[in-house]
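The values are calculated or read from the model by the stated rules, or taken from the named source; none is laboratory data. The structure displayed is predicted, hence computed values, not measured ones. Note that each Cβ is placed from the backbone with ideal geometry, even for glycine, and that neighbours are counted across all protein chains shown. Protein only, heavy atoms only, side chains kept; ligands, DNA and RNA dropped before computing areas. Shrake-Rupley method; radii C 1.70, N 1.55, O 1.52, S 1.80 Å.
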Amino acid sequence: MHTKKGTDQIQIPGRIHARPVRKPGPIVAAVIVAIFVAMLIHGMVTNPNFDWPTVWKYLFNEHVLDGIKWTLLLTVYAMVLATILAIILAVMRKSSNPVLRWVSWFFIWFFRGTPVYTQLVFWGLLSVLIPKLAIGIPFGPEFWSIDTKTVLNATVATVLGLGLNEAAYLSEIVRAGIEAVDPGQEEAAKALGMPPSMIMRRIVLPQAMRIIVPPTGNETIGMLKTTSLALAVPFTLELQFATNAIANRIYKTIPLLIVACIWYLVITSVLMVIQAQLEKHYGKGFDSRPLAGSGAKDGKDGEDPQTRQETDKVNKVMMAGLNA
Amino acid sequence: MDEDRQTRKDGQGGKDPAIVIRNVHKVFGNQHVLRGINLEVMPGTVTAVLGPSGSGKSTLLRLINQLETRTAGEIYVDGELTGYRKIDTGKGPVLQTLDDKAIARQRSKIGMVFQRFNLFPHMTALENVMEAPVHVGRVPKTDARKEAQAQLERVGLEDRMDYYPAQLSGGQQQRVAIARALAMHPDIMLFDEPTSALDPELVGEVLGVMRQVAQQGMTMVVVTHEMGFAREVAEQIVFMDQGVVVEQGGPDTIDHPRTERFTEFLHTVL
């Protein structure tokens, strides 16, 4: 296989340097899009209702920045909790132990089957429902107990509520990833004398990650915005609540909605970069194409491999964009 | 254990067989794939298993390594009953399934090479070969690396150690797979149609490595369609059809088949 540079270096008499077919499509589309974008920007700048001075004034307001901090913390905590639980649930679901399979099925059925808002309200009310937590012999004496309120504050309740709900969805993504790994991989690992837990950890999960990461990025970005439901607990420090509180105080809803949108977009962009890095990490060994090797001939591809590789790259970038 | 030992048959030269297969049956759903297989493989010998597709030869190989569980019969590897242990309940001996660890231990004595290579795509050639010695054999990483490098040199891939499987040709991948299996120092190597997925011009390099492994005294069971290899390297030829061993004998069996079915099969492949 040759690189593009390599082919140019080889002297071939009568090499074809054809002009590409004229395609008016992109130019027409560019003109139409440019007109619409210009109209949009004009409208946004000249329409006083957008109230840009207020947007700038509150963009770096301390309550807003504090809201960003809490939104990020809730997202990270909930996703970490959800990912750990999801892997455990997915492995349980594939277990040979029927009790573990059933527990996993029930968890997913329950947490996926009730609205996350309802779950958050429930977590907020748990300290009313069960005022005291205790350690002791089941149905027997207690050794130690504590008020639920002190453990289950609003932050913990929110993280648990968001995390457990998300775990149910993520575990199905993890399961799909595990099931997508070629069964031959497990057989090869078995033949080498690996026990099942090691096969899962060393062979199956690392390969499943390649499939798991893109939809998990999707879920993380979803979670970023789902944190705004935390007021159901009630948890009142995250970005949506913070901007809304300011808006209600100064009677200016739209500028503060714009503030929130700008920040959500910024954070989403950062998350997309992280996702792309993760995909690159777990894609190693999969993206590589055969290099020159003794007997490695690449003559079977119908289309030029170089072109195909580049098209794949473009598609991948577009997919990453769509996932956001 | 001692009872198991007694059931082994004394082979030629006072050696015990490496593999004993006794009256083994395998049923998938309502398909009777293996119908009473009996076979012995002596240590240090090569057995070639031939037969049309669907004859059950791959299934037999997978039963030896417990990638499938047998429906009936007994398989002994190095004199040890595979997959089960005999326990006495007072009413006579009963079989109990071995736990995952014990089965993994039995498998680690047997190397296996697959038709579709099944290399770990997220690891380089070197990492593929090191994986089992480090994590199953608990060999220190530096030692395992040296050993893996030696194994890859043995199969002629010293300049491909840091390549991922996707960057290697089929023949190179299969040679890495052989090195990976050899790195566990197995007593027995099983080859399940190792050259069937290869382009014709790459078959030779894999057969060359297999020939070399055979010459070094490895006990091998090879399911193959390469008649030349079987005739040249194998001490024992086994021809299977429709779940039974139709014919069995020395390497000259290929040139002088005794049964009509084997003669017919040889005509279609040669």
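Within region B:45-70, the only residue that satisfies the criterion of being on the phi > 0 side of the Ramachandran plot and open to solvent by 30 Å² or more (accessible area, probe 1.4 Å) is B:Gly54.
Condition first: open to solvent by 40 Å² or more (accessible area, probe 1.4 Å) and more than 14 Å from A:Ala191 (Cα to Cα). Now tell me which residues in region B:122-138 satisfy that. The answer is B:Glu127, B:Arg138.
Answer yes or no as to whether B:Ala166 is more than 12 Å from chain A (Cβ to nearest Cβ), assigned to a helix (DSSP H, G or I) and over 23 Å from the mean Cα position of the chain (by Cα). It is false that B:Ala166 is more than 12 Å from chain A (Cβ to nearest Cβ), assigned to a helix (DSSP H, G or I) and over 23 Å from the mean Cα position of the chain (by Cα).
Considering only residues that are part of a strand (DSSP E or B) and either over 16 Å from B:Asn65 (Cβ atoms) or within 11 Å of another protein chain (Cβ to nearest Cβ) (or both), look in region B:173-203 and name the one that is most open to solvent (accessible area, probe 1.4 Å). Walk me through it before giving the result.
Keep residues of region B:173-203 that are part of a strand (DSSP E or B), which gives B:188-192.
Remaining after also requiring either over 16 Å from B:Asn65 (Cβ atoms) or within 11 Å of another protein chain (Cβ to nearest Cβ) (or both): B:189-190, B:192.
Details: B:Met189: 0, B:Leu190: 0, B:Asp192: 15 Å².
By that ranking, first place goes to B:Asp192.
When each of A:Ala18, A:Ala30 is tested for being open to solvent by 70 Å² or more (accessible area, probe 1.4 Å) and of a type in the set (Gly, Ala, Ser), the lone residue that passes is A:Ala18. Candidates in region B:100-109 are the residues that are at the interface with chain A (Cβ under 7 Å from one of its Cβ atoms), in contact (Cβ under 8 Å) with a residue 12 or more places away in the chain and not polar (S, T, N, Q); of these, the one that is farthest from B:Glu158 (Cα to Cα) is B:Ala104.
Reported count of residues in region A:275-289, each being in a helix (DSSP H, G or I) and in contact (Cβ under 8 Å) with a residue 40 or more places away in the chain, is 5. If you go through region A:134-151 and pick out every residue that is open to solvent by less than 90 Å² (accessible area, probe 1.4 Å), farther than 20 Å from A:Phe235 by Cβ and not in a loop (DSSP other than H, G, I, E, B), you end up with 4. All of A:His63, A:His42 fail the test of being farther than 30 Å from A:Pro215 by Cβ, part of a helix (DSSP H, G or I) and in contact (Cβ under 8 Å) with a residue 60 or more places away in the chain, apart from A:His63.
Would you check which residues across region A:189-218 are open to solvent by 50 Å² or more (accessible area, probe 1.4 Å) and more than 14 Å from chain B (Cβ to nearest Cβ) and list them? Selection gives A:Asn218 alone. Within region B:232-241, does at least one residue satisfy the condition of being within 14 Å of another protein chain (Cβ to nearest Cβ), touching a strand residue (DSSP E or B) at 6+ places or on another chain (Cβ under 9 Å) and either open to solvent by 50 Å² or more (accessible area, probe 1.4 Å) or under 28 Å from B:Val134 (Cβ atoms) (or both)? No, there is no match, as no residue in region B:232-241 is within 14 Å of another protein chain (Cβ to nearest Cβ), touching a strand residue (DSSP E or B) at 6+ places or on another chain (Cβ under 9 Å) and either open to solvent by 50 Å² or more (accessible area, probe 1.4 Å) or under 28 Å from B:Val134 (Cβ atoms) (or both).
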